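Just so it is clear, none of the values below were taken in a lab; they were calculated from the coordinates. Computed from a predicted structure; not experimentally measured. Please note: Cβ atoms are built from the backbone with ideal geometry, for glycine as well, and neighbour counts cover all protein chains shown.
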Amino acid sequence: MGVLTVTEMIDLALDRIQANVSVDPAFTDTELMRYLNDAYADVWEMSGGAMKRVAGGTLWTPQPAASTDGILTSVLTDIGEVKDLLVSSNSGSTGDVVAGDQPLDPVDLAEVMFLREHESLFGAYARPRVYALTRNFSTLPADVNKLRLDVWPGKVGAYFPTHYVPQFVALDYVGVTVPSVNDIESRDIYLLAAAAMAPRAGRTEFVPDILKDISQRTQAGLARKQSALLDARADR
């Protein structure tokens, strides 16, 4: 049993609602992908996303030889949430304390700015100690979602390996054909898609049985999400 592909999930969803293309209104490829990605987004969010480990030499620019002020910009644009940021002397390291990399403490940007302004009061450090992240504003597609990294103190020769959860990337038929989840969660995706598609195919009565087969973890996540939505509405 492995992670299902786009084609496998669509076939299973159609089978589950007993879609008969010769009798029922057909789902277009665009509609099928919309149902699948709506379900995928929910499952991916509840799974916590798959964390990436990326070397500082490939993620942040400028490189250490030119970075004396502690201000860098991300090269990649898929960062959803940074979990850990470390400092390393190795451009290829993806963050390993055993290898000598050291974690930095996240702080507000205002604190980094204060430390820079009064740096002479805090003594000398051999490596950066704290960092702050802000999302740059841009209307250029290639620069949207790039992050600015401010570290203190800025040190020549410091790389910043990063562990982060990437942003959600939608599935398609060619480029992204496998969801970034585990095998059980990929089955939850087609079940959620099938539950959403069933009324369209005139199979509303199938929905309860479809939802029963969703894994307990995803069911718990859906229950928490529904509860949060209801609580938010109650506060209005």
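Using the scaling law 2.2 N^0.38 Å as the reference, what is the normalised Cα Rg of the chain? Present the calculation step by step, with values, prior to reporting the outcome.
Numbers: Rg = 23.1 Å, N = 236, 2.2 N^0.38 = 17.5 Å.
In units of the globular-protein estimate, the chain measures up at 1.32.
Relative contact order (percent) for the chain, with alpha-carbon contacts under 8 angstrom and 6 or more residues of separation? Intermediate results must be reported in sequence, preceding the final value.
Working: 387 pairs, mean separation 75.5, N = 236.
Normalised by residue count, the contact order of the chain is 32 percent.
Work out the length of the dipole vector of region 52-166 about its Cα centre, built from +1 on the beta-carbon of each Lys and Arg and -1 on the beta-carbon of each Asp and Glu, and round it to the nearest 20 debye.
220
Output the pairs from Lys155/Lys225; Lys52/Lys155; Lys83/Lys155 with a Cα-Cα distance over 32 Å in this structure; if there are none, say none.
On the way: Lys155/Lys225 44 Å; Lys52/Lys155 25 Å; Lys83/Lys155 22 Å.
Long pairs (Cα-Cα over 32 Å): Lys155/Lys225.
Restricting things to alpha carbons, find the Rg to Rh ratio for region 162-223 using the Kirkwood radius for Rh. Please list the in-between numbers first.
Details: Rg = 14.0 Å, Rh = 13.4 Å.
Here Rg/Rh amounts to 1.05.
Cα gyration tensor of region 52-166, axes a ≥ b ≥ c as square roots of the eigenvalues: rounded (a/c below 1.5), prolate (a/b > b/c) or oblate?
Details: a/c = 1.71, a/b = 1.19, b/c = 1.43.
Taking the square roots of the gyration eigenvalues as a ≥ b ≥ c, region 52-166 is oblate.
Relative contact order of region 119-236: what whole-number percent is it, with Cα pairs under 8 angstrom and at least 6 residues apart?
Details: 74 pairs, mean separation 17.7, N = 118.
RCO, region 119-236: 15 percent.
Arrange the following residues from fewest to most other Cβ atoms within 10 Å of their Cβ: Ile210, Ile184.
Working: Ile210 21, Ile184 16.
Going from least to most buried by this count: Ile184, Ile210.
How far, in nm, would the chain grow between Arg135 and Val75 when pulled straight, counting 0.36 nm per residue and subtracting the alpha carbon separation? The partial results should precede the final answer.
Working: separation 60, 0.36 × 60 = 21.60 nm, distance 1.26 nm.
Going from the current span to full extension adds 20.3 nm.
Compare the Cα positions of Tyr173, Val130, Ala55 along the charge dipole of the chain (+1 at Cβ of Lys, Arg; -1 at Cβ of Asp, Glu; about the Cα centre) and return the one farthest towards the positive end.
So the residue furthest toward the plus end is Val130.
Across all directions of projection, what mean area in square nanometres is found for the Cα convex hull of region 26-120? Present the calculation step by step, with values, prior to reporting the outcome.
Details: hull surface 37.7 nm².
Mean projected area for region 26-120: 9.4 nm², to one decimal.
Per-residue HN-Hα couplings for region 89-106, Karplus 6.51 cos²θ - 1.76 cosθ + 1.60 at θ = phi - 60°, whole Hz, x for Gly and Pro?
Taking θ as phi minus 60°, the curve returns 9, 10, 5, x, 5, 9, x, 8, 4, 4, 7, x, 5, 10, x, 9, 8, x Hz for region 89-106.
Treating only the Cβ of Lys, Arg, Asp and Glu as charged (+1, +1, -1, -1), what charge dipole size does the chain show about its Cα centre? Round to the nearest 20 debye.
Numbers: 21 positive and 31 negative charges, 76 e Å.
The calculated dipole for the chain is roughly 360 debye.
Grab the DSSP H runs of the chain that are 4 residues or longer, score each as -39,500 (n - 2.57), total them, divide by all residues and round the 222 nm result to the nearest 500 deg cm²/dmol.
Values: 7 runs with 83 residues, N = 236.
Here the helix-only value at 222 nm equals -11000 deg cm²/dmol.
What distance in nm separates the two pseudo spin-label positions at Asp11 and Asp183, each 7 Å out from Cα along the beta-carbon direction?
1.7
Can you pull the percent of Cα pairs in region 93-132 with separation above 17 Å? Can you show the working numbers first?
On the way: 320 of 780 pairs.
That fraction is 41 percent.
Mind checking which of Ala19, Thr30, Val107 is farthest towards the positive end of the chain's charge dipole, using Cβ charges of +1 (Lys, Arg) and -1 (Asp, Glu) about the Cα centre?
Val107
Given points 7 Å out from each Cα along the Cα-Cβ axis, report the Lys225 to Asp108 separation in nanometres with one decimal.
That separation, rounded to one decimal, is 3.2 nm.
So for region 96-236: antiparallel DSSP bridges make up what percent, rounded to the nearest 5? Walk me through the numbers on the way to the answer.
On the way: 6 of 8 bridges.
DSSP beta bridges in region 96-236 are roughly 75 percent antiparallel.
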